[in-house]
Amino acid sequence: MYASREDIGYDFGDDSKVRSKPIKPNPNIDGGWAWMIVLSSFLVHILIMGSQMALGILNMEWLEEFNQSRGLTAWVSSLSMGITLIVGPFIGLFISMCGCRTTAIIGGILNALGWILSAYAANVHYLFLTFGVTAGIGSGMVYLPAVVMVGQYFQKRRALAQGLSTTGTGFGAFLMTALLKYLCTEYGWRNAMFIQGAISLNLCVCGALMRPLSPKDLREKYVVRSDSEENQAKALSNSAETVKSNGVLGEEPEKKEEAANEEVLGSVQHTEIGGKSASGRSMYGLRLFKTVSQLTITVRKGFALWYSSYFGAASLFTNRVFVAFIIWALFAYSSFVIPFIHLPEIVKQYNLSRQDNVFPLTSIIAIVHIFGKVILGIISDLPCISTWNVFLMANFTLVTCILTLPLMQTYVGLAVVCALIGFSSGYFSLMPVVTEDLVGTKHLANAYGIIICANGISALFGPPFAGWIYDITEKYDFSFYIAGLLYMVGIIFLLLQPCIQKKQPREKSTEEAQV
């Protein structure tokens with residue numbers, strides 16, 4: 001019924017020349033160091049996403065300390081969560097220029113700095129800058145590389161690897177909530193943030209573990225994937241054909257540019273060798289010029305890749321399925337965040353606080369969410385199962401639960417719906433896999449940066465919008481109904497696009513047969 005991951009593939013180049021060469025796969029693909037990458041990503045999710053899920057502890061401390069309105073104080077947490085995701089496209093530029101490892105290490109330092117500076121906050125507005133912006137940007141600089149590196153190191157077990165790494169969010173929610181609660185009780189919230197900043201420096205260690213694959217290994221991974229899909233539909237959408245015909249990301253321009261760059265650097269090296277009799281100052285100047293030239297070449301190539309992905313003829317936005325994916329992401333994430341924010345108030349309205357104190361509904365979502373990510377990842381990796389179909393079915397289940405939740409007025413009914421929300425929202429682990437299927441490994445960083453940016457916008461404005469609806473209607477029901485309907489619109493966009501993609505190969509094959 002739906003297109004498989006192969007049907008919706010988005011190729012950026014001709015691999016016919018590469019296929020004829022014998023392949024010796026890197027042992028670290030799907031094994032070896034790849035599992036260290038999973039461990040690194042798992043710890044990143046604990047330290048970043050887990051900490052953000054536990055910000056309710058600090059939010060209560062800030063309310064008591066600064067005596068500001070709940071709405072104004074809540075923006076500190078919203079800014080941190082939103083900016084972490086919104087900066088995705090710009091972090092993609094850093095990754096193109098510096099690589100995942102360097103970007104993650106810088107982000108770890110920036111995140112720790114944001115936590116430490118926030119310990120000296122004099123008012124809420126100070127927290128907007130230090131915690132919301134500084135720590136948020138740092139979190140984004142670590143989070144995106146952690147997801148991208150798992151996608152680069154895995155081919156056969158991508159969904160399972162992403163599922164295992166992203167379970168760190170659920171574990172982190174429990175660990176960081178308990179840790180921050182203990183630190184705030186024993187040392188006060190300021191010292192707690194200072195200590196958390198020191199703990200966040202471990203993000204630099206996680207970044208150091210992100211050993212980059214060589215370009216040769218990435219090409220081998222792509223060729224292995226291409227050979228396994230050789231018998232699948234080879235024709236792509238008109239957007240992909242436009243990319244190939246323009247050849248902006250083709251090999252020839254890159255080769256010409258690399259040849260010119262090597263000529264410049266070669267001349268510098270020749271001057272160095274021929275000028276041994278020159279003064280030490282002259283040699284130092286030549287070495288400095290060589291270093292600056294190499295850095296300039298790296299920056300230019302990284303920026304060219306980033307720019308062409310967004311604005312060139314090979315822009316990601318020429319892929320209609322990917323554009324539909326962005327529209328879906330604008331509505332999807334808020335449907336997951338809103339229950340976390342507003343469930344405690346709903347429980348209070350229904351006089352279910354006693355049962356909720358024994359086993360909170362938000363904890364049910366978090367626990368089942370962990371299992372949902374792993375199980376959906378295992379199912380998606382089965383040869384006979386399409387990741388795209390699993391992704392869509394999970395979305396259908398989640399939107400049904402969002403629309404059903406306001407109708408449940410008993411603890412058991414709410415618990416069942418929350419368990420289904422937790423399990424179906426495990427599709428988050430499939431998002432990088434689906435994105436890579438759409439655009440390829442080479443453009444995963446830039447493409448996934450756009451997706452999490454859309455998620456960030458959804459997380460930033462979704463909960464305040466739900467609160468605004470409550471202020472008007474004095475009920476949370478309409479908040480869930482509106483969020484569910486918008487979510488359904490995004491799913492419909494995803495459903496329509498693959499049907500268009502599958503029609504075009506047939507038309508093309510008919511034309512080729514006539515020729």
Subject >> Probe 1.4 Å, accessible area per residue of region 313-504, Å² >> reply: 37
Original post:
Tell me, what % of the accessible area of region 313-504 is carbon and sulfur with a 1.4 angstrom probe?
Top reply: 73
**OP:** Return one whole number: the accessible area per residue of region 25-110 in Å², for a 1.4 Å probe.
**Re:** 39
Subject >> Whole-Hz ³J(HN,Hα) from phi, Karplus 6.51 cos²θ - 1.76 cosθ + 1.60, for region 449-454, glycine and proline x >> reply: x, 5, 5, 6, 5, 4
Original post:
Phe359: accessible area at probe 1.4 Å, nearest 10 Å²?
Top reply: 100
Original post:
So for Lys373, Lys348, Lys475, what's the accessible-area order with a 1.4 Å probe, most first?
Top reply: Lys348, Lys475, Lys373
Original post:
What figure in square angstrom, to the nearest 10, would you give for the accessible area of Ile86 with a 1.4 Å probe?
Top reply: 50
**OP:** Would you work out which of Trp468, Leu485, Thr318 lies farthest towards the positive end of the dipole of region 313-504, given +1 charges on the beta-carbon of Lys and Arg and -1 on that of Asp and Glu, about the Cα centre?
**Re:** Thr318
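Please report the carbon-and-sulfur percent of the accessible area for region 26-225; probe 1.4 Å, protein heavy atoms only, DNA, RNA and ligands left out.
Carbon with sulfur: 68 percent of the solvent-accessible area.
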Subject >> Probe 1.4 Å, all protein chains present, accessible-area order of Phe428, Phe371, Phe94, Phe322, largest first >> reply: Phe371, Phe94, Phe428, Phe322
**OP:** Leaving ligands, DNA and RNA out of it, rank Arg158, Arg190 by accessible area with a 1.4 Å probe, largest first.
**Re:** Arg190, Arg158
Subject >> Karplus-derived 3J(HN,Hα), 6.51/-1.76/1.60, for each residue of region 122-138, Hz, glycine and proline x >> reply: 9, 7, 5, 5, 5, 5, 4, 7, 6, 8, x, 8, 5, 5, x, 5, x
Original post:
How much accessible surface area, in Å² rounded to 10, belongs to the heavy atoms of Tyr411 with a 1.4 Å probe?
Top reply: 40
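The values are calculated or read from the model by the stated rules, or taken from the named source; none is laboratory data. Bear in mind that the values here come from a model prediction, so they are computed numbers and not experimental data. No Cβ is skipped: glycine too gets one built from the backbone with ideal geometry, and neighbour counts run over all protein chains shown. Please note that ligands, DNA and RNA were not included when accessible areas were found on the heavy atoms of the full protein model with its side chains. Shrake-Rupley method; radii C 1.70, N 1.55, O 1.52, S 1.80 Å.
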